[in-house]
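Taken together, the values in this text are just the output of simple stated rules run on the coordinates, not laboratory data. For clarity, every value in this text was computed on a predicted model and none was experimentally measured. Note: ideal-geometry Cβ built from the backbone for every residue, glycine included; neighbour counts use all protein chains shown.
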Protein chains: 2
Amino acid sequence: MKLIADNLRITKPKIQAALLALDPEPLQDLVRQCVAKQAFAIDVNTGPLGKSPEEGMRFFIEAVQMVTDLPLLIDTSNSDAMRAGLEAAKNPVMINGFSLEPEKLEKILPLAKEFDADIVGFLLYPDSRVPKNEAERFEIALELIGQAEAAGVAKERVIIDPVVPPLAWDDGIVQARAVLKVIQMLPDLLGFDVQTIGGISNLTTGAGDKDKKNLMEQSYLAMLAAAGLSFALMDILNPDLVKAARASGILTKEEIFSWAMVPRG
Amino acid sequence: MKLIADNLRITKPKIQAALLALDPEPLQDLVRQCVAKQAFAIDVNTGPLGKSPEEGMRFFIEAVQMVTDLPLLIDTSNSDAMRAGLEAAKNPVMINGFSLEPEKLEKILPLAKEFDADIVGFLLYPDSRVPKNEAERFEIALELIGQAEAAGVAKERVIIDPVVPPLAWDDGIVQARAVLKVIQMLPDLLGFDVQTIGGISNLTTGAGDKDKKNLMEQSYLAMLAAAGLSFALMDILNPDLVKAARASGILTKEEIFSWAMVPRG
């Protein structure tokens, strides 16, 4: 399980202010911290970027690339911003992401072929509804892979995001468990070693108490690792969460074990 | 996942001294602490009890029963001690446990029928070797259930212990993962909702650093919960471990979720 930093996101006031001022320093400071925590990649969550999506995205990508060579996930629903990001990117990139929503199929998915990039595919209905059980999730996964291949994107380039649900939903626990089962069973169902990604902080969206959030996220991370999750998109600056993720990663690897590998608690 | 305290064990010097002096207070003090942490049951690990197994076991069981009505696991390999414990028990009891070892089949297993008790069955070869993969574990589970039924013990009374391996073994991680898969698949394989038990502290046997041990045990507990473990035999006085177990338990229950259920981190 590789850890991807979700820390660089436009919803943070400091990052919004940096974009307005076109000041790269706050972004770069954050990215340096993520690199120091040995993130595998950085999710660059710019949002749709309003009236000047290309300029905004170029600012983001160029600022980040000045301080790291790590892979970048370009995380926007705006296809103009996505194209600008892919054009500006020198680091390895993943498109984050597409779904069965018609506009995404039409405008985002083809960019994966054009730019020869990996692309995240969300297990969501075309109208962005969340599927209600495992069977529905499997159907959507098959449809996503089919759409990718029809667009000339090899199925191995699609990274499935089963969409971790907030526990605060009425059926949050049931859906969280369905996500685990889907991650575990997808490779058999699809017939190849499909990669998967999960956004950990979604689990505790809306919940207040930080200690409790930590506890639930740590447990769920271990379960995701055991289910075979490829990429955990998470707060890489949360040391408790990172320690739990690394310990879980060790338990799921076919490696010679040494206590030296375990992070200090 | 129900939590069983493994804290009352003869290997602790205080407990050894209490047995020698026939002083119930140290045992009772420990048990009161376990009860306060809401253990589901108490494992009474007396060891073989040397020259006076019956007297020793009666001392243990009577001391414990004076302070709690919780179910007790009688944890000894000595069949004379086991019988004395079952005779002395007023609380609900489980026999912990039997294996395919001839002496256990002959002398321990029949006690489950005679005393109408649940019994833990270890996934071990007759010579106490640990099986090397999932297929071997499934064969042993079938053989254990077969032996129980031949001895007049209903299969539903057998609680399978797949024997959590120490990570310090060369193939510890691989075996730890095999144990998870066995727990998950046993109900389908056996065709009924078989109960399972796992001793968590085995995982970090021999390892020194307490923080690291905690971290690995917490992650593995979450994975065991997700696999469907019925009973976690563990240090109920370790608050980090208990919080992780309760959080993992919440994630695996078909219940309305409330943040109030999550222990504070």
Please rank A:Met216, A:Met223, A:Met261, fewest neighbouring Cβ atoms within 10 Å first, as an exposure proxy. A:Met261, A:Met216, A:Met223
Residues A:Leu123, A:Leu20, sorted so that the one with the fewest Cβ neighbours within 10 Å comes first: A:Leu20, A:Leu123
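Taking a threshold of 32 Å on the Cα-Cα distance, which of the pairs A:Lys51/A:Lys113; A:Lys210/B:Lys132; A:Lys213/B:Lys12 fall above it? Provide the component values of the computation, followed by the final result.
On the way: A:Lys51/A:Lys113 26 Å; A:Lys210/B:Lys132 41 Å; A:Lys213/B:Lys12 36 Å.
Too far apart for the 32 Å limit: A:Lys210/B:Lys132; A:Lys213/B:Lys12.
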Over the whole of B:243-253, what's the average partner chain Cβ count within 10 Å per residue? Rounded to a whole number, please. 5
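Determine the calculated [θ] at 222 nm for the protein assembly as shown from helices alone, applying -39500 (n - 2.57) to every DSSP H run no shorter than 4 residues and normalising by the residue count; nearest 500 deg cm²/dmol. Intermediate values should be presented prior to the final figure.
Numbers: 20 runs with 246 residues, N = 530.
It comes out at -14500 deg cm²/dmol, rounded to the nearest 500.
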Taking a label point 7 Å out from Cα toward Cβ, give me the nm distances from B:Gly152 to the same spot in the other copies, shortest first, one decimal. 7.7
Exposure-ranked with fewest Cβ neighbours within 10 Å first, B:Met82, A:Met1, B:Met185 stand as B:Met185, A:Met1, B:Met82
Per residue of B:167-174, other chain Cβ atoms within 10 Å number on average 4
Using unit Cβ charges (K, R positive; D, E negative) and no other charged atoms, how large, in debye to the nearest 20, is the dipole of the protein assembly as shown about its Cα centre? 1080
Dividing the alpha-carbon Rg of chain A by 2.2 N^0.38 Å yields what? 0.98
7 Å along Cα→Cβ, label-point gaps from A:Gln38 to other copies, nm, shortest first: 3.6
Taking a virtual spin label 7 Å from the Cα of A:Asp116 along the C-beta vector, which residues in region A:57-90 bring their backbone nitrogen under 13 Å of it? none
With the label set 7 Å along Cα→Cβ, B:Leu237 is separated from its counterparts in the other copies, in nm and shortest first, by 4.0
Of all the residues in chain A, which one has the C-beta that comes nearest the axis relating A to B, and what is the distance in Å? A:Ala222, 2
P(r) of region A:1-70 in 10 Å steps, Cα pairs, percent per bin? 21, 57, 20, 2
